[in-house]
Amino acid sequence: MRNRSVTYSAESAFHALADPTRRALLDLLRQGSQPAGQTARAFPVSRPAISKHLRQLRKAHLVVETRSGRHRLYRLNPEPLKAVDSWLEQYRVFWSASLASLKTFVETEYAKENVRPKKK
């Protein structure tokens, strides 16, 4: 096997993460590797539906499948989430600055209201 560098597509990760069932699957796999059957039992949808979701997660490289005999084990691959986190960081910075400005404004207005002399 060749030593290959893998580049993860943020677009495929976002597509995979858009579905709430796939996000729930990733949450489940954070606990560790699990067989496909056990994973499917955790959801109220059919096994073929879960298989389709797992296939989408594999295509996005968010999960890794290993086979042991007839069993397929799935585990979380957090690497593609770095691209998602990088994209979200821009919004964290924006909201942190916006909330800091709002806090300063509210505190200033509150101070102005409490400094005014009371009417007699």
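Test V106 against the criterion of being in contact (Cβ under 8 Å) with a residue 24 or more places away in the chain, part of a helix (DSSP H, G or I) and either surrounded by 10 or more Cβ atoms within 10 Å (Cβ to Cβ) or hydrophobic (A, V, I, L, M, F, W, C) (or both), and give yes or no.
No, not satisfied.
Under the condition of being surrounded by 12 or more Cβ atoms within 10 Å (Cβ to Cβ) and assigned to a loop (DSSP other than H, G, I, E, B), the residues counted in the range 62-77 number 2. Of all residue pairs spaced 6 or more apart or on separate chains, those with beta-carbon atoms under 7 Å, a first member in the range 56-81 that is free of Cβ contacts under 8 Å to residues at least 24 places away in the same chain and a second member that is crowded, with 16+ Cβ neighbours inside 10 Å and part of a loop (DSSP other than H, G, I, E, B) are V64/N77; N77/H61; N77/L62. Residues that are within 16 Å of E65 (Cα to Cα) and in contact with a helix residue (DSSP H, G or I) (Cβ under 7 Å, 6 or more places away or on another chain) within the range 35-46 comprise A36, T39, A40, listed in sequence order. Being surrounded by 13 or more Cβ atoms within 10 Å (Cβ to Cβ) and either within 19 Å of the chain's Cα centre (by Cα) or of a type in the set (K, R) (or both) narrows it down to one residue among R58, R92; which is it? After ruling out the rest, the residue left standing is R58.
Just to be sure, is S68 more than 26 Å from A24 (Cβ to Cβ) and of a type in the set (S, T, Y)? Criteria not met by S68.
Can you confirm whether R72 is among the charged types (D, E, K, R), in contact with a Pro (Cβ under 9 Å, 6 or more places away or on another chain) and under 27 Å from A13 (Cβ atoms)? Yes; evaluated as a whole, the condition is true for this residue. Restricting the first residue to the range 26-47 and requiring it to be crowded, with 16+ Cβ neighbours inside 10 Å, which pairs with a second residue that is of a type in the set (V, I, T) and in a loop (DSSP other than H, G, I, E, B) meet a Cβ separation below 9 Å and a spacing of at least six or different chains? Between residues of the range 26-47 that are crowded, with 16+ Cβ neighbours inside 10 Å and residues that are of a type in the set (V, I, T) and in a loop (DSSP other than H, G, I, E, B), there is no close pair.
Bear in mind that the values in this text are calculations on the coordinates, not laboratory data. These numbers come from a predicted model, not from an experiment. A quick note on method: Cβ atoms are made from the backbone with ideal geometry, for glycine too, and the neighbour counts reach across all protein chains shown.
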